[in-house]
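The structure appears below as structure tokens.
FYI, it's all coordinate maths here, none of it is from the lab. These figures come from a predicted structure and were not determined experimentally. Every residue, glycine among them, receives a Cβ derived from its backbone with ideal geometry; neighbour counts consider all protein chains shown.
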Amino acid sequence: MEERLSASGGELLAEIRSGVATVTLNRPQALNALTLGMLEALTQWFDAWERDDRVASIVLRGAGEKAFCAGGDIRALHDTFKAGQDVFRFFEVEYTLNERIYKFPKPITAHIDGIVMGGGMGLAQGCRPRIVGERTRMAMPETSIGLFPDVGGSYFLARLAGKLGLYLGLVGPTLKAADAIYAGLADEYAGAAPPGEPELAKVRQAIDRHFAQDSVEAIVASLEDERDPACAEWAKKSLERLARSSPTMLKVTFEQIRRGARLDLAGCFRMERSLIRGAFEQGDFIEGIRALIIEKDNAPKWKPPSLAEVAPSSVERFFNMRMT
């Protein structure tokens, strides 16, 4: 027996057939970016399917050919915050759902052949298997918009081999399928042609060396001192990305991933609830959205504008807030 479901004005679709509930994020024109309505509806479906004997497993996918999910609808979050409304409801629902996926008693598969960033990573990383393809473009580029790698990044980035998680969280490079599997952020490849060799493997030793430094400033200095011609271009691009990112959020992310390695899953999400409130209070997140998404001048005015001006006390403040 087949059942079709729709929620959040058609932004979320589901089909239950032969014991499998297949969920489609259905905003292809917005790269399947998540709205609060989608997150609330998905939570309700998970509640029902956990108790429904007709559903043995769940599959998550994105509509269209471009994206699984490009993240949360940050333009909507910007507008909600500017209107003085409760922006934190979105994150509370999202983080609770992300955490639940890791613990869900039935198998959940994520088909992430396409763009998968931010909130899409939050949905996918608790799933097994995580299936990538030739169109996969995976990233956690939050520092470039004045945020930190949330949606459980404290947990899944901190548990990658060597210093891969710190590199991916701070620099935010885009990974294709082979690199996603190499990094441990995907499990299987589905495609007509093999995924090729991972680019990360070529610079892995350099990543582990540079990102083992004890501060963001030391990482930058180490990258600037790269002497291996095979890694020179990679180091240059990494420095360029770091230079464009919020200095405050780079330091917050550095501390976040280090702390996340010592916390369990629930502890990581508790920490992120504190960090997200700090991000809105500090202001770089809203400024990043303005500069890169709304006005698109690509010239965010970070406060403060340099790493040297970010006081340790301002970073610590992020970890002592509560999302209430």
Subject >> R244 versus K103: modelled label distance in nm, points set 7 Å from Cα along the beta carbon direction >> reply: 3.8
Original post:
Under a GNM of the chain (C-alpha, springs under 10 Å), which listed residue has the highest mean-square fluctuation: D228, D264, D187?
Top reply: D228
Original post:
Which value in nm describes the separation of the simple spin-label points at R317 and R75, placed 7 Å from the Cα toward the beta carbon?
Top reply: 3.1
Subject >> Across K236/K301; K163/K202; K202/K236; K163/K301, pairs whose alpha-carbon gap is larger than 18 Å >> reply: K236/K301; K163/K301
Subject >> Helix 36-51 axis, angle to the chain major axis (alpha carbon atoms, nearest 10°) >> reply: 50
Original post:
For R258 and S306, FRET efficiency with R0 = 25 Å and r from the beta-carbon atoms, rounded to 0.05?
Top reply: 0.70
**OP:** Report, in whole Å, the centroid distance computed from the Cα atoms of region 160-204 and region 118-135.
**Re:** 13
Original post:
What's the extension gain from S6 to K82 if we count 0.36 nm per residue and subtract their Cα-Cα distance?
Top reply: 24.3 nm
Subject >> Candidates per trypsin sites (Lys or Arg not before Pro) in region 235-276, loop by DSSP, up to 14 other Cβ within 10 Å >> reply: R262
Original post:
What does the charge count near G126 come to, summing +1 for each Lys or Arg and -1 for each Asp or Glu among other residues with Cβ under 12 Å from its Cβ?
Top reply: +3
Original post:
How much length is gained on full extension from D214 to V20, taking 0.36 nm per residue of separation minus their Cα-Cα distance?
Top reply: 65.2 nm
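Relative to the present Cα-Cα distance, how much length would full extension add between K296 and A56 at 0.36 nm per residue of separation?
Between K296 and A56, full extension yields 81.9 nm more.
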